[in-house]
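Since the structure comes first, as structure tokens, the remarks are kept for the end.
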Ligand SMILES: CC(C)(COP(=O)(O)OP(=O)(O)OC[C@H]1O[C@@H](n2cnc3c(N)ncnc32)[C@H](O)[C@@H]1OP(=O)(O)O)[C@@H](O)C(=O)NCCC(=O)NCCS
């Protein structure tokens with residue numbers, strides 16, 4: 001259920017905290033993400049250990065490469081609402097040397113399939129900074145379409161950037 005052609009999704013373990021912290025502290029990885037205020041490894045580890053268990057409302061999974069079982073990123077379905085059959089999606093590949101290998105696209109397909117087939121979602125949506133070309137390409141490749149723009153919805157490096165809302169309906173996953 002959680003295995004694609006290149007990656008497997010799995011629950012995060014306590015030992016994953018240093019990887020999560022390293023990704024969050026990497027300016028290139030968080031360039032187009034709202035990474036919050038700087039956090040020490042101790043603070044992140046505490047938050048990580050106290051995280052609620054996965055549930056319908058929020059499912060956070062690590063992305064591991066098939067073959068060498070290396071944790072390279074994480075993906076999350078959150079704010080799921082059963083009445084609307086809708087959830088929000090977040091994605092990051094924190095290991096930069098793994099970018100461009102199709103891992104994000106594969107992880108998206110696995111997570112969205114899980115959302116539609118097992119959680120009975122009808123719609124998955126996400127927000128992405130308009131200038132995050134690689135992420136927008138991933139989302140378009142798997143079938144997401146642009147549905148709206150929040151003008152100046154993100155600020156980075158003293159500049160405003162538009163945010164794009166994208167949505168994927170049941171049956172549209174490619
Ligand atoms: C964006 C991100 C998820 C992409 O992960 P990835 O594993 O490299 O993605 P994939 O290899 O599946 O696909 C990347 C696609 O973008 C394309 N791409 C990459 N950089 C690009 C650029 N600068 N301009 C245009 N296309 C680009 C690649 O060619 C590929 O498309 P293709 O398969 O048609 O050739 C990853 O770089 C990442 O996590 N970045 C940091 C966190 C982040 O921005 N997350 C998204 C927040 S909304």
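What follows draws every value from the coordinates through simple rules; no lab data is involved. None of these values were measured; they are calculated from a predicted model. Neighbour counts are summed over all protein chains in view; Cβ atoms, including those assigned to glycine, are modelled from backbone coordinates with ideal geometry.
Within the chain, what percent of beta bridges assigned by DSSP are antiparallel, to the nearest 5? Can you show the working numbers first?
Numbers: 33 of 36 bridges.
In the chain, DSSP labels about 90 percent of beta bridges as antiparallel.
Would you kindly state how much longer the chain becomes between residue 69 and residue 101 on full extension, computed as 0.36 nm times their sequence separation minus their alpha carbon distance, in nm to one decimal?
Numbers: separation 32, 0.36 × 32 = 11.52 nm, distance 1.54 nm.
In short, 10.0 nm is gained.
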Check: Given 25 °C and 0.890 mPa s, how large is the Stokes-Einstein diffusion coefficient of segment 52-115 in µm²/s, with Rh as the Kirkwood radius over Cα pairs?
Finding: 197
Next item on the list: Within 10 Å of each residue's Cβ, count the other Cβ atoms and sort 37, 114, 56 from fewest upward.
Entry: 37, 56, 114
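How high is the relative contact order of segment 42-161, given as a whole-number percent (alpha carbon pairs under 8 Å, six or more residues apart)?
On the way: 136 pairs, mean separation 20.4, N = 120.
For segment 42-161, the relative contact order is 17 percent.
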Notebook entry, point to check: With a 10 Å Cβ neighbour count serving as the proxy for reagent exposure, in which order, fewest first, do 160, 127, 21 appear?
Noted result: 160, 127, 21
Check: Expressed in nm², what is the orientationally averaged projection area of the convex hull enclosing the Cα positions of segment 7-122?
Finding: 7.5
Next item on the list: Can you grab the distance from the C-alpha centre of segment 1-76 to the C-alpha centre of segment 140-174, Å, no decimals?
Entry: 22
